[in-house]
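The values are calculated or read from the model by the stated rules, or taken from the named source; none is laboratory data. What you are looking at is a predicted structure, and each value in this text was computed from that prediction instead of being measured. Using ideal geometry, Cβ is built from the backbone for each residue, glycine included, and neighbour counts are taken over all protein chains shown.
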Amino acid sequence: MGAGGWGTALACVAGRAGHGVRLWSRNEEVVAAINASRVNSVYLPASEIAGDVTATRDPREALGGSEFVILAAPSHATRELLTRVASDIPANAVLVSATKGIEVETGLRVSEIARDVLGEGRARDFVCLSGPSFAQEVAAGQPTAVVAACAVDAPALRVQSVLSYENLRVYTNDDLVGVELGGAVKNVIALAAGMVNGLGFGANSVAALVTRGLAEMTRFGVAQGARVETLAGLAGLGDLVLTCTGSLSRNQVAEGVRTTRAVKSIADRIGVGMPITEQVHAVLYEGTSPRDAARELMARPLRGEFEEMMK
């Protein structure tokens, strides 16, 4: 559900693995191009879509009889999409989120939005698919590792079995909170990385940002029930390094602008210090210049490296 770059890349993998795939998009041009030319000419033009993959603009046609429903629309569109298609989702289908973000208005993760819209029963088996995964590279067949997270084992194992194929390796994890938060908060740090690049700073600055960004992500996650090791894994450190150092991060950065507001609001409410997030928010929403934000971070009171790890 969503034929952007990542949704299309996952359809490519599933099609190559021999599964029947219906790829839903609102975009008439995207649907026509996929069905006629076997390529998503708008979002993933360099990759041929092989196998039994059919695009449609009709959500009922897309969902009918599905065993797995992968949500690949932007996070801010997830509630509207789920509300629209709720009655068409097959009762036994596994819901999988391939979206990385937090709803600004409510502070809810995607799994919590699903619970809000679909009810507790459907949300219990909700799976989050996350990790360092540029769509172009996955579709091109380059080796990639991601994680499927669910509070219970069976749905994650099913997703692992279905989507692990050739170049895509899927690990499982039962820390749904940590995987969802890692995928969301790293987009905020990615915005800071873009500012570092724009200011002309070098590798020292990027290394410091990634390391201290991970510390922020970990504090934020642990305060909400996530595990430290999850944030040090594929959905945390792995995705953070990719997004802060790779050249294909436009989608993640777009999510980060909205997510920054949500993360700062939650951090303020639960009392977690997130100085990088605060300065990204100041640049985006308060008129602070990136250079002044960098100066503010470097002028913070000196302390031990792990002094504020859980503060």
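For the reader, a short list of remarks on this structure follows.
- In segment 255-266, residue modelled with the highest pLDDT [restricted to those that are among the aliphatic types (A, V, I, L, M) and closer than 23 Å to Ser205 by Cβ]: Val263
- Segment 191-200, residues that are without any contact (Cβ under 8 Å) to a residue 12 or more places away in the chain and surrounded by 12 or more Cβ atoms within 10 Å (Cβ to Cβ): Asn197
- Residue match in segment 225-235 (condition: assigned to a helix (DSSP H, G or I), modelled with pLDDT of 95 or more and out of contact with any Ser or Thr (no Cβ under 8 Å at 6 or more places or on another chain)): yes
- Per-region count, segment 171-182, residues surrounded by fewer than 20 Cβ atoms within 10 Å (Cβ to Cβ) and either aliphatic (A, V, I, L, M) or assigned to a strand (DSSP E or B) (or both): 2
- Any hit, segment 49-59, residues being among the charged types (D, E, K, R), within 18 Å of Leu118 (Cα to Cα), in contact (Cβ under 8 Å) with a residue 12 or more places away in the chain and loosely packed, with under 13 Cβ neighbours inside 10 Å: no
- Scanning segment 102-132 for residues that are touching a residue at least 60 places away in the same chain (Cβ under 8 Å) and at positive phi yields Gly107, Gly131.
- Residues that are in contact with a strand residue (DSSP E or B) (Cβ under 8 Å, 6 or more places away or on another chain), in contact (Cβ under 8 Å) with a residue 12 or more places away in the chain and either outside the structural domain of Ser87 (by TED's automatic domain parsing) or among the aliphatic types (A, V, I, L, M) (or both), drawn from segment 34-45: Ile34
- All conditions but one from (1) surrounded by fewer than 22 Cβ atoms within 10 Å (Cβ to Cβ); (2) under 22 Å from the mean Cα position of the chain (by Cα) apply to Thr78; the one that does not is (1).
- Residue within segment 85-106 that is within 30 Å of Asp268 (Cβ to Cβ), of a type in the set (Gly, Ala, Ser) and at pLDDT 95 or above present: yes
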